[in-house]
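Asks: One structure is given below, represented as structure tokens, and several questions about it will come after.
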């Protein structure tokens, strides 16, 4: 595919400092604006509704609807590019320059701590209804800003973005759907390069002239904030697309290009176990949003007998999706070993099944659920943007949202914003998206079983995972039928 860096304007934008700094400043300005218009407001005095500003406050609308939902659509084109322009990443980078520059502990260089943060965050949002109140949204933003400052003060590189940010990690998992990639042109050139400036950064010399006098100085360029060696980069999950390697590479050996769609998701590969657990949490998040739309099912799924809300959320976010994703690999493992015991006297090369470690099956098979999870999330994002997006018109005129609420619900001089897309169309979009996610997941199953790892376990692996995806898809489609078709 054509290298976008061959276009002079694109390369100049990356190399001359316009990207990502200019866009980081813009997103930071928007973040400050959201803080200003959310901080003073919790509810409306004299109004009995507990959360009247959930959609009428512009800051709340921009953060939870326009950004949190819009980013899912953004991923379809640009993948993890948001992480390059994220204001929290900028804060982390700025403070890491003046901080202690400790190395982040090797034992924490995974997503386990991130998983704990994600669970606490989701339980807090659900129990405290943070997304319903502008001031609580402001507190949440401040917590993340402080996290960026502290991560930068103590550790070098963008530790917040790589190991602690739930949103960035979610984008990283979903970025396999992006049609863009940043890779090296020739790995042989990388092998011959001794300095590895793409990761470490480089020292640039500058001259300033004042008439006949010259002032010379040197400045170190920023290293790769994710500390990824581009020559071994095979997926988009951890690359921020910040362009630092492009600026630092002395051989211009980096390409930024479009790639075959679905190339990454249909390429078999093992996931680290912490990423496997994070994918389980993403499925739990989808179930948490979909299941309540069918009250009868919600009573059973959420285990109505459990009155402890924390246990209920742990069940829906971790245990239930964990069972859905981990039982199929366990069945494949058991069936494979049963078959081996039956023919234990036969030459191993002739076995119909090959013994594979359970953790290996789990780490290979988890990725097949990503398409179904992502397209379900995309469906929810489109519903939210369609049903709440038109509040933006009122929000621009009344950022606080107090007058808008009174005009719509009390004085009734303003009408409720209409849906951007009609319900009749939305429901079919949802069915198409979830069916598409299921179809890609099915394709990923067949792609993995065609690899050497599962060649002799193909019948068990294919059948069991096919049934698992089919059941999850059926549940989601039945919820949509009950919710939107009656």
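Asks: Quick one: compute the contact order of the chain, relative version, from alpha carbon pairs under 8 angstrom and 6+ residues apart, as a percent.
Replies: Working: 710 pairs, mean separation 90.7, N = 486.
So the answer I get is 19 percent.
Asks: Going by average Cβ neighbours within 10 Å, how do the peptides 415-421, 130-136 rank, with the highest at the top?
Replies: My ranking of the peptides, most packed first, is 130-136, 415-421.
Asks: Show me the three semi-axes of the equivalent ellipsoid for the chain, from the C-alpha gyration tensor (sqrt of 5 times each eigenvalue), largest first, rounded to whole Å.
Replies: After scaling each eigenvalue by five and taking roots: 37, 36, 20 Å.
Asks: Per-residue ellipticity at 222 nm for the chain, helices alone: DSSP H runs ≥ 4 residues times -39500 (n - 2.57), over residue total, nearest 500 deg cm²/dmol?
Replies: Computed ellipticity for the chain at 222 nm equals -16500 deg cm²/dmol.
Asks: Ranking 197, 235 by Cβ neighbours within 10 Å, fewest first, what do you get?
Replies: 235, 197
Asks: Would you please state the base-10 log of I(q)/I(0) at q = 0.18, 0.20, 0.22, 0.28 1/Å for the stretch 144-190, with intensities from the Debye formula using one equal scatterer on every alpha carbon?
Replies: Summing over Cα pairs of the stretch 144-190 leads to -0.72, -0.78, -0.81, -0.95.
Asks: For the stretch 276-485, what are the per-bin percents of Cα-Cα distances with bins 10 Å wide, up to the bin holding the maximum?
Replies: Computed distribution, short to long bins: 8, 26, 25, 21, 11, 5, 2, 1, 0.
Asks: Further, regarding this structure: What is the order of 422, 435, fewest Cβ neighbours within 10 Å to most?
Replies: 422, 435
Asks: Now a separate question. Can you tell me which of 83-91, 112-120 comes out highest on packing, and rank the rest after it, using the mean Cβ neighbours within 10 Å?
Replies: 83-91, 112-120
Asks: Something else about it: Two decimals is fine: what's Rg over Rh for the stretch 4-177, C-alpha atoms, Kirkwood radius as Rh?
Replies: For the stretch 4-177, the value is 1.00.
Asks: Under 8 Å for C-alpha pairs, at least 6 residues apart: give me the relative contact order for the stretch 4-177, rounded to a whole percent.
Replies: Here the relative contact order equals 32 percent.
We did not get these values from a lab; they are worked out from the coordinates using the rules stated. The shown structure was predicted, so the numbers you read here are calculated from the model rather than taken from an experiment. Every residue, glycine as well, gets a Cβ built from its backbone with ideal geometry; the counts of neighbours run over all protein chains shown.
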